[in-house]
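The values are calculated or read from the model by the stated rules, or taken from the named source; none is laboratory data. Fair warning: this is a prediction, and the values are worked out from it, not measured in the lab. For neighbour counting, all protein chains shown are included, and Cβ atoms are generated from backbone atoms with ideal geometry for every residue, glycine included. Protein only, heavy atoms only, side chains kept; ligands, DNA and RNA dropped before computing areas. Shrake-Rupley method; radii C 1.70, N 1.55, O 1.52, S 1.80 Å.
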Amino acid sequence: MTKTALAIDLGGTELRAALVTERGDIAAFAATRTDARGGPEAVIEQMVGLVEKVRGEAPDARPVGLGVGAPGPLDPEAGIVVDAPTLTGWKNVPLVAILGRRLGLPVRLENDANAAALGEWRFGAGQGTQSMVFVTVSTGIGAGVIVDGRLLHGRRGLAGEIGHMAISDRPERCACGSTGCFEALASGTALAREAAKLVASGAAPGLARIAGADPVTGRHVAEAARAGDAPALALLNEEARWLGIGLTNLLHLYSPERLILGGGVGSLLPLMRAEIERTIRQRAMLAFRDIPVVGAKLGSHAGLVGAASLVL
């Protein structure tokens, strides 16, 4: 019988679970909206329910354990979620111990960006490398870093918080409280903010039509850009420039064989590639300019596959 593991991807909006094979295939899947304001007990009940649902879809499977990807900061060695800002009341929650008791399985915990990096490294766009950086660009910006065949953790598993490296002296306020952060300038939230300013000024009528009465989002920008809308293309060009600056820093810091871009904004790489590569050529030392920037292959399942691989 094929070896399998259970996986949970704990997000502030959606909670997902899967049964994953040793080849990285999803054998069963279930998801629900996260009760983010309900506190740890409510969400843990949701986790247990989803795991039972997934196991019910494959009753003959004998999973070897459960891997969990969760928002940080967290301590993977201690199995504790230290302080998840998108989840009310999640401070120093011993998640591994609780789920281990409830499910009777070995449980491993990992930062969600690290879990996605493991998924891409073992089964996706990072296969064949020994050093790579997976960058997820969505509401925020995070990363998982593989160096010499090992996931980089740092003190208390906090390495890779690249969204909060300062890349500018612009006074854009970040969710962390500081200004000029990579996340404050190049995340999906930042792209939506700049798009909303443009729409409010009356300079982007095409984008305004697409958004309608809804708040402008990065998805609206992408849709308008694919239709050839000039203001939307200009917004993506500026987004790509900021990404190029941040990615250049990662090249110099980690010397990866490959940079992998994922997340909602990361999926727009084909529209931004030329400006990202131009910025890297302009700013990176010569020895780093040939490192490819590629799109993630596993899509939204990267975190689940990577979490399962923790116990496979």
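Quantify, in whole percent, the carbon and sulfur part of the accessible surface of the chain (1.4 Å probe; protein heavy atoms only).
On the way: 7030 of 13890 Å².
Ligands and nucleic acids excluded, carbon and sulfur reach 51 percent.
I need the shape label for segment 14-99. Rule: rounded when a/c is under 1.5, else prolate if a/b > b/c, else oblate, with a, b, c from the alpha carbon gyration tensor. The partial results should precede the final answer.
Numbers: a/c = 2.21, a/b = 1.61, b/c = 1.37.
In terms of gyration-tensor shape, prolate.
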Computed [θ] at 222 nm, deg cm²/dmol, the chain (DSSP H ≥ 4; -39,500 (n - 2.57); rounded to nearest 500)
-12500 deg cm²/dmol
Where the eigenvalues come from the Cα gyration tensor of the chain, what are the semi-axes √(5λ) of the equivalent ellipsoid, largest first, in whole Å?
33, 22, 18
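What does the charge count around Leu298 come to, taking other residues whose C-beta lies under 12 Å from its C-beta (Lys +1, Arg +1, Asp -1, Glu -1)?
Values: positive: Arg122, Lys297; negative: Asp9, Asp25, Glu120.
Spelling it out: positives minus negatives among the neighbours equals -1.
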Compactness relative to 2.2 N^0.38 Å, alpha carbon Rg of segment 56-206
1.26
Taking Lys3 as the anchor, which aspartates and glutamates have their alpha carbon closer than 12 Å to its alpha carbon, excluding any fewer than eight residues away along the same chain?
Glu22, Asp25, Asp60
Gaussian network model of the chain, Cα springs within a sub-10 Å range: biggest mean-square fluctuation belongs to which of Leu269, Leu158, Leu286?
Leu286
Most mobile listed residue (Phe288, Phe182, Phe134) in the chain, GNM with C-alpha springs under 10 Å
Phe288
Determine the distance separating the Cα centre of segment 173-225 from the Cα centre of segment 59-96; give it in Å without decimals.
32
Under the rule rounded for a/c under 1.5, else prolate if a/b exceeds b/c, else oblate, using alpha carbon gyration tensor axes a ≥ b ≥ c, segment 216-312 is classed as oblate
Per GNM of the chain with C-alpha springs under 10 angstrom, the most fluctuating residue out of Ala42, Ala213, Ala30 is Ala213
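Could you tell me the convex hull volume per residue, in Å³, taken over the Cα atoms of segment 145-215? Kindly include the intermediate steps, with their values, before the conclusion.
Values: hull volume 10.4 nm³, N = 71.
Enclosed volume per residue, from the Cα hull, is 147 Å³.
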Heads up, segment 97-170 by the C-alpha gyration tensor (a ≥ b ≥ c square roots of eigenvalues; a/c under 1.5 rounded, else a/b over b/c prolate, else oblate) looks oblate
